[in-house]
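Novice: Starting off with a structure, shown below.
The values are calculated or read from the model by the stated rules, or taken from the named source; none is laboratory data. The model shown is predicted, which means the values in this text are computed figures rather than measured ones. Reconstructed Cβ throughout: ideal geometry from the backbone, glycine too, with neighbour counts over all protein chains shown. Just so you know, the surface numbers come from the protein's heavy atoms only, side chains and all, with ligands and any DNA or RNA stripped out. Shrake-Rupley method; radii C 1.70, N 1.55, O 1.52, S 1.80 Å.
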Amino acid sequence: MNTMCPGNRLSLPTEPDFSVVVPLYNEEDNVALLYQAVSRALVQEPRSYELILVDDGSRDGTLERAAALVKDDERVRVIEFARNYGQTAAMAAGIHNARGRIIVTMDGDLQNDPRDIPAMLNLLEKGHDMVAGWRRKRQDEGKRMLVSKVANRIINGLLGVTVRDSGCSLKCYRRELIQTLPFHGEMHRFIPALSQLAGAKIVQVEVRHHARRFGTSKYGFSRIYKVALDIVSIRFLLRYSLRPRTWMLRPTLATCLLGLGILLLVETERPTVIVEWSIVFLFAQLALFLAAWSTLGYILAITEPRVSQFSALAAKLYAYRKPPQGDPT
């Protein structure tokens, strides 16, 4: 991963007020227009900012056009991936290289509107940790909208999230929050759930959404299974973090009851067929137990550090919001 920054020129402050992170993949026709849209939207913005463009291994002229912007504007930084790693990895790279106190993320296909950024920044400054965009009037084809609605319903139902549009990339975060969250798979879709786990204050706001003008969507049904796996892992993380001692009580009780039921069946019914099937069930139950136990050990090895991480993040966010002793504000 390479980072391109302007040289031999007046540089930005070490910590600009906010950073705008934009992942790019085969968006050569949109790069210049994206830069112009961001510049126009933020020209009257009193806060200083930087624009971080992350090229996710594009195979067209995206990187060259992004690099050309660095020469003309010291606020632009470019991160280059050697190959395509996916939107989550690109977004994570931009976030962890951002220097702003506040980090804004958005897509690079011109469907998000940077004119919504100032209002979102103002909301964040009122004491929230995250401002999530809601594409109420979404300008996409029916297939994408249907899949998105179903995904949002599943995410909200299983993970207990109240954000209407988890897939909207236009969001604002406090750096203390977003740079501490884990990123893998399609995890950028679950940032509201992970933030909620850390006790973050989240607010959502309706944002503009435009139809794609150039290029093609990188979204497809191939991502569905990745999203499903991430939902399972986050569901596990949420349940374990809330009830680390009793979260396995129900599965354990169900297994014990199944074994007891088989034992009673063998004792009360003498036919050979019943006994044979009972033995099959017992061995199947044993196999499932061993498989679940090995999987559980692996998951716990990953989850336990995460729980401590979220606890530390929750304390950090609380300390950030709580005024110092003696401060009347």
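Novice: What number of residues within region 45-102 satisfy the criterion of being farther than 15 Å from Asn30 by Cα, of a type in the set (Ser, Thr, Tyr) and modelled with pLDDT of 90 or more?
Specialist: Counting residues in region 45-102 that are farther than 15 Å from Asn30 by Cα, of a type in the set (Ser, Thr, Tyr) and modelled with pLDDT of 90 or more gives 2.
Novice: Test Cys168 against the stated conditions and say whether it is at pLDDT 75 or above, closer than 19 Å to Ile103 by Cα and assigned to a loop (DSSP other than H, G, I, E, B).
Specialist: yes
Novice: Here's a follow-up. Can you run down the residue pairs with Cβ atoms below 8 Å, 6 or more apart or on separate chains, where the first is in region 56-69 and in contact (Cβ under 8 Å) with a residue 12 or more places away in the chain and the partner is of a type in the set (Lys, Arg) and surrounded by fewer than 22 Cβ atoms within 10 Å (Cβ to Cβ)?
Specialist: Gly57/Arg83
Novice: Just for helices (runs of 4 or more DSSP H) wholly inside region 51-134: which have at least 2 residues that are open to solvent by less than 10 Å² (accessible area, probe 1.4 Å) and under 27 Å from Val161 (Cβ atoms)?
Specialist: Numbers: elements: 62-72, 87-97, 117-124.
Those helices (runs of 4 or more DSSP H) span 87-97, 117-124.
Novice: Would you please name the residue that is surrounded by the most Cβ atoms within 10 Å (Cβ to Cβ), looking only at residues in region 29-47 that are under 12 Å from Leu121 (Cβ atoms) and touching a residue at least 12 places away in the same chain (Cβ under 8 Å)?
Specialist: The qualifying residue surrounded by the most Cβ atoms within 10 Å (Cβ to Cβ) is Leu42.
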